[in-house]
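Only one structure is covered here, and it is reproduced in the block below.
The values are calculated or read from the model by the stated rules, or taken from the named source; none is laboratory data. Because the structure is predicted, anything quoted here is derived from the model rather than measured. Cβ coordinates were reconstructed from backbone atoms using ideal geometry, including for glycine residues, and neighbour counts include every protein chain displayed.
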Amino acid sequence: MQALGLIETRGLTVAIESADAMLKAAEVTLIEKTYVGGGLVSIAVTGEVSAVIAAVEAGAGAVRQINSAMLISQHVIPRPDKELEGLIVSVNPLENSDLPISDSIKVEPEEEAVVGDLIVEEKNTISLEMSVEEIEKKTIDYIVLEYGLQEALEYLGSLKVSKLRNLAREYQEIGIAGREISKADKKKLLAELTQYYNHFNNKLHD
């Protein structure tokens with residue numbers, strides 16, 4: 001097996017843009033795209049080491065141009081073990097496949113977990129390509145608009161209570177403020193943010 005290049009993104013649109021950039025940048029073959037769950041999509045390419053490195057850099061750069069927060073990870077394995085071939089791809093490369101995109105995506109089962117009174121799905125949490133300190137209200141707004149309220153709640157539920165408190169201070173229309181935010185626990189903060197985004201969604205669809 002030749003070198004293996006991997007890019008994981010948040011969302012299918014940027015994954016397609018990334019794959020397009022990789023295939024145009026170097027002589028590589030697209031071998032697999034996988035819907036991991038929670039909005040994560042993984043793209044795998046193979047080829048000579050130098051070509052794969054160039055392709056992965058181009059693919060990651062294409063994602064950053066759209067929204068750097070949507071790039072979850074990038075990695076190149078120069079000399080993958082032969083046994084990885086069966087793990088990564090068990091059919092012909094995708095460029096030789098007649099399957100439509102929707103038929104070749106693998107969907108893994110998901111479970112549900114309870115966070116306070118909120119039910120969220122236990123998937124891979126959103127791992128944004130930025131430090132937690134950089135996450136702002138506009139980041140959560142983007143996730144709600146692009147992927148829906150449930151996805152945003154899953155991400156919010158993965159944050160520490162201290163970060164949720166900092167975020168809550170950016171919202172002028174939630175039911176708590178000042179010292180109330182400082183004393184609020186995770187359940188209370190998630191409930192207030194859920195109420196805010198329910199109203200947010202209703203306004204979008206009016």
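Checking the structure you have, find out if any residue of region 125-132 is modelled with pLDDT under 75, outside any helix (DSSP H, G or I) and surrounded by fewer than 13 Cβ atoms within 10 Å (Cβ to Cβ).
Looking through region 125-132, at least one residue is modelled with pLDDT under 75, outside any helix (DSSP H, G or I) and surrounded by fewer than 13 Cβ atoms within 10 Å (Cβ to Cβ).
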Out of the residues in region 36-73 that are in a strand (DSSP E or B) and under 26 Å from residue 138 (Cβ atoms), which is nearest to the chain's Cα centre (by Cα)? 40
Enumeration of residues in region 5-19 that are of a type in the set (Val, Ile, Thr) and either crowded, with 20+ Cβ neighbours inside 10 Å or part of a strand (DSSP E or B) (or both): 7, 9, 14
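For (1) at pLDDT 60 or above; (2) in contact with a Ser or Thr (Cβ under 7 Å, 6 or more places away or on another chain), each residue gets a yes or a no:
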residue	(1), (2)
97	no, yes
121	no, no
158	yes, yes
162	yes, no
167	yes, no
184	yes, no
Under 7 Å by Cβ, and 6 or more places apart or on different chains, what pairs join a residue from region 145-165 that is part of a helix (DSSP H, G or I) with one that is basic (Lys, Arg)? 154/123; 161/186; 164/186
Pairs only if they're at least six apart or on different chains, beta carbon under 9 angstrom, first in region 170-181 and under 18 Å from residue 200 (Cα atoms), second of a type in the set (Asp, Glu) and at pLDDT 90 or above; list them, first residue then second. 171/192; 174/192; 175/192; 176/192
How many of the residues making up region 20-35 are farther than 21 Å from residue 79 by Cα and either in a helix (DSSP H, G or I) or in contact with a Cys (Cβ under 8 Å, 6 or more places away or on another chain) (or both)? 3
Given the condition among the β-branched types (Val, Ile, Thr), modelled with pLDDT of 75 or more and within 25 Å of residue 12 (Cα to Cα), answer yes or no: does some residue in region 142-156 qualify? yes
